[in-house]
Amino acid sequence: MQLQTVSDQWPDAVSITRVREDIDSLTGLFKKYPKVRVLRGQDILFEAIRPETNEEKNERIRRAIETIKRIRQTTKKTKSNGSDYVIWARDQILSGKNL
């Protein structure tokens with residue numbers, strides 16, 4: 001039986017020694033993978049995340065906020081909302097009227 005190296009099992013892995021010697025080994029993997037595992041021996045030391053990943057996440061959040069604002073503008077507003085009903089129901093229970 002032939003042993004496999006960790007890099008064969010995880011193509012998105014690089015050793016900490018290799019990163020210390022040549023940072024381009026890490027940046028080269030970032031071109032292929034959004035997240036890279038940095039290993040110390042056979043254990044995962046940490047996971048490095050591509051910097052653009054956070055920007056993409058922020059862009060998705062911004063688009064979601066814009067969509068929610070647009071939906072709020074097109075929907076009809078009512079006098080009462082859910083929290084008012086919860087307060088009313090709680091008061092009814094505390095006063096003993098719903099028992």
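The values are calculated or read from the model by the stated rules, or taken from the named source; none is laboratory data. Fair warning: this is a prediction, and the values are worked out from it, not measured in the lab. A quick note on method: Cβ atoms are made from the backbone with ideal geometry, for glycine too, and the neighbour counts reach across all protein chains shown.
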*Identify, please: which residue in region 27-37 is touching a strand residue (DSSP E or B) at 6+ places or on another chain (Cβ under 6 Å) and of a type outside the set (Val, Ile, Thr) and is, among those, farthest from residue 56 (Cα to Cα)?*
37
*When residues of region 26-69 are filtered for being at positive phi and either at pLDDT 85 or above or in contact with a His (Cβ under 6 Å, 6 or more places away or on another chain) (or both), how many remain?*
0
*Limited to region 13-57, what total is found for residues that are part of a strand (DSSP E or B) and of a type in the set (Gly, Ala, Ser)?*
3
_Residue under question is residue 19, and the condition is that it be modelled with pLDDT of 85 or more, surrounded by 12 or more Cβ atoms within 10 Å (Cβ to Cβ) and hydrophobic (A, V, I, L, M, F, W, C); does it hold?_
no
*Quick one: is residue 35 out of contact with any Gly (no Cβ under 7 Å at 6 or more places or on another chain) and surrounded by 10 or more Cβ atoms within 10 Å (Cβ to Cβ)?*
yes
